[in-house]
Structure formats: structure tokens, C-alpha cells
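This report refers to the structure that appears directly beneath it.
The values are calculated or read from the model by the stated rules, or taken from the named source; none is laboratory data. This structure is a prediction, so every number in the text was calculated from the model and none was measured. Ideal geometry is used to build each Cβ from the backbone, glycine not excepted, and the neighbour counts take in all protein chains shown.
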Amino acid sequence: MLLSIVIPVYNEATGLPALMARLRPIARRMDADYEVIFVDDGSTDGSGRILTEMSADDRRVKLLSLSRNFGHQAAITAGLDFANGDAVVVMDADLQDPPELLPDMLHLMRQGYDVVSAQRRTRPGDGFGKRSTAAAFYWFMRRFIDQRLAPEVGDFRLFSRPAVLAVRGFREQHRFMRGLVAWLGLKEVTVPFQRETRAHGTTKYPLLKMLQLAWTAISSFSALPLRLTTALGVVVTLFGTGYFVYSVFSALVARTTMPGWTSLVCLQIIFSGTILLAVGMVGNY
Ligand code: UDP
Ligand code: MG
């Protein structure tokens, strides 16, 4: 049995040796052969050179180099596409996802689970800002997007071979891996772990990138924004109808308007409302 360990890397040069030093003995002790697939996501800090050397020294270390920075989710996708293992695990390069969990995850897969996801029980390593935005993110996603999303589960996850093949079937450009896994309805189990502080370097997920990820998640797994457009169309149309009546009254009865004003206002109201409604409808299809 072969275990593929997929690790996306974006400017992690300082931490890579420590990562391999901690990962290697654990992987060796496991009752499975292993390969480590690093995906260099367009690093500019020399990570690529270090990874090239590592892969030259050790036949178990493989390297995929992306031409530019495509983002974490795309890097994971590339890794999953090239992983040959009977089990494939995705983990961060910064040691926030402890490799010590791998034997347990593999054990659970052997008991018949397709997806084994690691769940952050505590995150002493993340500051207040990161923790609170993450909590808001999971709350929002579960409330409005998909109930099946497990809270506090990131991308540290082990897939069985059939699960990898199922995930590979999805080729969307903007991906939200967690949503995909939840949507596929694979037999999933979570294992709790303590999320440590980043061993080296800084986070590659500033607020803006988190918001982008949230938008990808929302737009690929929910029609909520489209439904909101329709709802807005209804509100605008109702308000417009009231104003329409008022304008006609002012023009014909009260005679308080300039000639031409009423027809302009009425046309404007009718078309804005209808267009918004139509956009929402088209979107729903
Ligand atoms: N990463 C990547 N491409 C990116 C951003 C991040 O490959 O554009 C990698 C990064 O090197 C790390 C993992 O994805 O291995 C998770 O990123 P990070 O640890 O910065 O996220 P956080 O743990 O702070 O949410
Ligand atoms: Mg991290």
C-alpha cells in the first residue's frame, strides 16, 4: 500500500527542512510505503530550489512546479491529480498540521472511511483575528451554504483512492475543496487535533484571500446570491409601483410636476425593477 502526502508550498523556504525532518521518521514507521508530493505554487523565495534538491536526494520526494502562484486550492488539485497512492493525504507545509496524526488517519481509512478530516479542537497558534474570522466563516458557511460542512475542518485530510478519483472528476477552476467533499457525501470521519503555531514564516492567507475563498465557496455551492437578486428585484418593483402611482397622481391631479418628468420616472421604475427580476431569474436557471 502506498501513501501519497501532498504538500502545497508557497514561500516556505525557511520551514521545509524542519518539515521533512519531522515527517520522514513518522512516514518510515508507518506500515505503508510513501511518497511526498510537493507542489511549488510559484514560490519566489527559493523554495523551488530547496525542493528540487530534496527530490534529487530522495526518490520518495516528488516535485510539481506551477508556473505562477495559482493559490492554495489549485495547488492541492494539482497534487491530487498526480498522487499515485492508495491513500492520499493533503497537509500544510508549515507544520500547523501535525504529521503525528497520519498513522491514526490511515488506520481510520482502513476501517472503511473514504475521507478522514482533521478537526481543529484548539488553535492556540492562531491570533484573535484569525480565530474570530475563521469562526465567522464556518458559522456563515454552515448556516447559509451547506449544513454538511464540518466546523473547524480545513484542508488537512486523507482520501481513499476511490475518494481521490471522485474528487478528480471535478474540474472547476474556482474550487473549494471542503465543499466538494461535503457535497460528494463520501463516508467521512473527523479526528480532533491541536493546531500549533506556524513553525516558520508567515501566513499566506491574509484577510483578503480568506474573503476570496469565502466567495468561491459561496458562489460554487449556493444560489443564495442569485436568490437575493430576485428578492431585491421584488422589493424594487414594489417600491417603484408605489412611486409610479404617486408620480401619476402628482402629474394629473395635483399638477405639481414639470411636463415630461412623469413619463421618464415611470419608464425608469418599470425597467429597473424588471431588469433586476429578470437577472435573478436567468441566474436561477
Ligand atoms: N499556500 C499555497 N499557495 C498560496 C497560499 C498558501 O500553496 O497561494 C500553501 C502554504 O504554503 C501552506 C498552505 O498552503 O502550506 C496553507 O497556507 P497557510 O499556512 O499560509 O494558511 P493558514 O494556515 O494561515 O490558514
Ligand atoms: Mg498554516
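Does residue 59 satisfy being among the charged types (D, E, K, R), more than 9 Å from ligand 1 (Cβ to nearest atom), within 17 Å of residue 11 (Cβ to Cβ) and assigned to a loop (DSSP other than H, G, I, E, B)? Explain how you work it out, then say what you get.
Working: among the charged types (D, E, K, R): yes; more than 9 Å from ligand 1 (Cβ to nearest atom): yes; within 17 Å of residue 11 (Cβ to Cβ): no; assigned to a loop (DSSP other than H, G, I, E, B): yes.
Criteria not met by residue 59.
Given (1) surrounded by fewer than 17 Cβ atoms within 10 Å (Cβ to Cβ); (2) in contact with a Phe, Trp or Tyr (Cβ under 8 Å, 6 or more places away or on another chain), where does residue 251 come up short, assuming only one miss?
Condition (1) is where residue 251 drops out.
Check residue 71 against each of (1) within 16 Å of ligand 2 (Cβ to nearest atom); (2) surrounded by fewer than 20 Cβ atoms within 10 Å (Cβ to Cβ) and name the one condition it does not meet.
Going through the list (1) within 16 Å of ligand 2 (Cβ to nearest atom); (2) surrounded by fewer than 20 Cβ atoms within 10 Å (Cβ to Cβ), residue 71 breaks only (2).
Report the residue count in the stretch 220-248 for those that are loosely packed, with under 15 Cβ neighbours inside 10 Å and small (Gly, Ala, Ser).
The total comes to 3.
Taking the criterion of being farther than 16 Å from residue 184 by Cα, within 17 Å of the chain's Cα centre (by Cα) and assigned to a helix (DSSP H, G or I), would at least one residue in the stretch 122-132 satisfy it?
Taking the stretch 122-132 first, the residues farther than 16 Å from residue 184 by Cα are 122-132.
In the following step, the residues that additionally are within 17 Å of the chain's Cα centre (by Cα) were identified as 130-131.
Within this subset, residues satisfying the condition of being assigned to a helix (DSSP H, G or I) are 130-131.
Within the stretch 122-132, one or more residues are farther than 16 Å from residue 184 by Cα, within 17 Å of the chain's Cα centre (by Cα) and assigned to a helix (DSSP H, G or I).
Just one of 232, 186, 224 is more than 16 Å from ligand 1 (Cβ to nearest atom), over 24 Å from residue 283 (Cβ atoms) and touching a helix residue (DSSP H, G or I) at 6+ places or on another chain (Cβ under 8 Å); which is it? Even if it seems obvious, please write down each step before you answer.
Details: 232 fails: over 24 Å from residue 283 (Cβ atoms); 224 fails: over 24 Å from residue 283 (Cβ atoms).
Matching residue, one of 232, 186, 224: 186.
One residue is enough: does the stretch 101-115 have a residue meeting the conditions polar (S, T, N, Q), assigned to a loop (DSSP other than H, G, I, E, B) and modelled with pLDDT of 90 or more?
We begin by selecting, within the stretch 101-115, every residue polar (S, T, N, Q); these are 111.
From the residues that got through so far, the ones that are assigned to a loop (DSSP other than H, G, I, E, B) too are 111.
Filter once more, so that each one left must be modelled with pLDDT of 90 or more: 111.
Looking for residues that are polar (S, T, N, Q), assigned to a loop (DSSP other than H, G, I, E, B) and modelled with pLDDT of 90 or more, one finds at least one in the stretch 101-115, hence yes.
Return yes when residue 118 is under 27 Å from residue 15 (Cβ atoms) and in a helix (DSSP H, G or I) and no when it is not.
On the way: under 27 Å from residue 15 (Cβ atoms): yes; in a helix (DSSP H, G or I): no.
In short, no.
Taking the stretch 80-116 only, how many residues are within 16 Å of ligand 2 (Cβ to nearest atom) and under 21 Å from the mean Cα position of the chain (by Cα)? So that I can check it myself, show each step before the final result.
As a first pass, look at the stretch 80-116 and keep what is within 16 Å of ligand 2 (Cβ to nearest atom): 89-99, 101.
Within this subset, residues satisfying the condition of being under 21 Å from the mean Cα position of the chain (by Cα) are 89-98.
The number of residues fulfilling the criteria is 10.
Name the pairs whose Cβ atoms lie under 6 Å apart, with the first residue in the stretch 203-223 and within 13 Å of residue 175 (Cα to Cα) and of a type in the set (Gly, Ala, Ser), the second within 13 Å of ligand 1 (Cβ to nearest atom) and in a helix (DSSP H, G or I), and 6 or more positions between them or separate chains?
Correct list of pairs: 214/137.
Could you list all residues from the stretch 1-56 that are among the acidic types (Asp, Glu) and within 16 Å of ligand 1 (Cβ to nearest atom)?
Within the stretch 1-56, 12, 40, 41, 45 meet the criteria.
Matching residues to (1) within 15 Å of residue 93 (Cβ to Cβ); (2) touching an Asp or Glu at 6+ places or on another chain (Cβ under 6 Å):
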site: 13; (1), (2): yes, yes
site: 19; (1), (2): yes, no
site: 35; (1), (2): no, no
site: 45; (1), (2): yes, no
site: 57; (1), (2): no, no
site: 64; (1), (2): yes, no
site: 72; (1), (2): yes, no
site: 75; (1), (2): yes, yes
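I want to confirm something. Restricting to the stretch 155-208 and keeping residues that are in a strand (DSSP E or B) and more than 16 Å from ligand 2 (Cβ to nearest atom), which single residue is surrounded by the most Cβ atoms within 10 Å (Cβ to Cβ)?
As a first pass, look at the stretch 155-208 and keep what is in a strand (DSSP E or B): 155-160, 188-194.
Applying the additional criterion that residues be more than 16 Å from ligand 2 (Cβ to nearest atom) yields 158-160, 188-192.
On the way: 158: 30, 159: 28, 160: 21, 188: 18, 189: 17, 190: 19, 191: 16, 192: 11.
Per the criteria, the residue is 158.
Identify, by number, the condition in (1) more than 25 Å from residue 150 (Cβ to Cβ); (2) assigned to a helix (DSSP H, G or I); (3) not hydrophobic (A, V, I, L, M, F, W, C) that residue 216 doesn't meet.
For residue 216, the exception is condition (1).
So for the stretch 125-143 (the condition being at pLDDT 90 or above and surrounded by 15 or more Cβ atoms within 10 Å (Cβ to Cβ)), does at least one residue qualify?
Looking through the stretch 125-143, none of the residues is at pLDDT 90 or above and surrounded by 15 or more Cβ atoms within 10 Å (Cβ to Cβ).
Can you confirm whether residue 52 is away from ligand 2 (no atom under 16 Å from the Cβ), in a loop (DSSP other than H, G, I, E, B) and closer than 24 Å to residue 203 by Cα? Steps first, answer last, please.
Numbers: away from ligand 2 (no atom under 16 Å from the Cβ): yes; in a loop (DSSP other than H, G, I, E, B): no; closer than 24 Å to residue 203 by Cα: yes.
For residue 52, the condition - away from ligand 2 (no atom under 16 Å from the Cβ), in a loop (DSSP other than H, G, I, E, B) and closer than 24 Å to residue 203 by Cα - is not met.
When you go through (1) away from ligand 2 (no atom under 16 Å from the Cβ); (2) under 30 Å from residue 136 (Cα atoms); (3) in contact with a Ser or Thr (Cβ under 6 Å, 6 or more places away or on another chain); (4) not in a helix (DSSP H, G or I) one by one for residue 279, which number turns out not to apply?
Single failed check for residue 279: (4).
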